[in-house]
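All of the numbers you see were taken from the coordinates with simple rules; none came from a lab. Treat the numbers as computed from the prediction; the structure is a model and nothing was measured. As a convention, Cβ positions derive from the backbone with ideal geometry for all residues, glycine included, and neighbour counts pool all protein chains shown.
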Amino acid sequence: MRLLPRLESHESRATLTISGGDSGSLPGVAIESSDSASSKMKGQRGNRGSVAVEVTLIVPLVVMLMLGLAGGWRIGWARAQLAEAAAAGARAATLAGSAPQAVQQATAAIEFDLATVDVHCSSLSVQIDASAFNSAPGHHAEVSAELGCRLDLADVLVPGLPGAVQLEARATEALDVFKERTP
């Protein structure tokens, strides 16, 4: 009598089917008859389509997570750029010769800086404190710039993320102690 082995592999288990002989003739080898192997194959048919269901559930969650990360990154990036613009405005104000020039130069520097880095605020408020120009030379004095920006997030479509965020930044720079100042 001739034994014909056939090895079938399904997912994480393998089945060895030997036909044409006595199933007890090979000691130490687990042998399943072809009838029991085919009945187990029928049980695996219930898993068909499960990948499609998993993908249908997971893909929207992954997309939402990525959009949420993009919205968070955009807020953090705009906040950092706003802080840099406030610092640039305060530095520009310290280089001016008078308080009105300080306000004008600081505002221009802030607007230029925000336009350069492509931060678009739906509303931008700029406040320059140039009262330091009223103090006499030889005394410590500081100029400050405060910014408020309403950042529009309507194009980031994530439920729970607000349509706009109010961001604020403040920077202070010291005037040269020995610089002549005009109020």
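Quick one: pull the percentage of alpha-carbon pairs in the range 50-174 with a separation above 21 Å.
50 percent
Order of 121-134, 79-92, 58-71 by packing, highest average Cβ count within 10 Å first?
Sorting 121-134, 79-92, 58-71 by mean packing, highest first, produces 79-92, 121-134, 58-71.
Below 9 angstrom from the Cβ of residue 144, what's the summed charge of the other residues (Lys, Arg +1; Asp, Glu -1)?
With Lys, Arg at +1 and Asp, Glu at -1, the neighbours total -3.
Taking R0 as 45 Å, what's the FRET efficiency between residue 83 and residue 54 from their Cβ-Cβ distance, rounded to 0.05? Could the numbers behind the result be given before it?
Details: r = 43 Å, r/R0 = 0.96.
It comes out at approximately 0.55.
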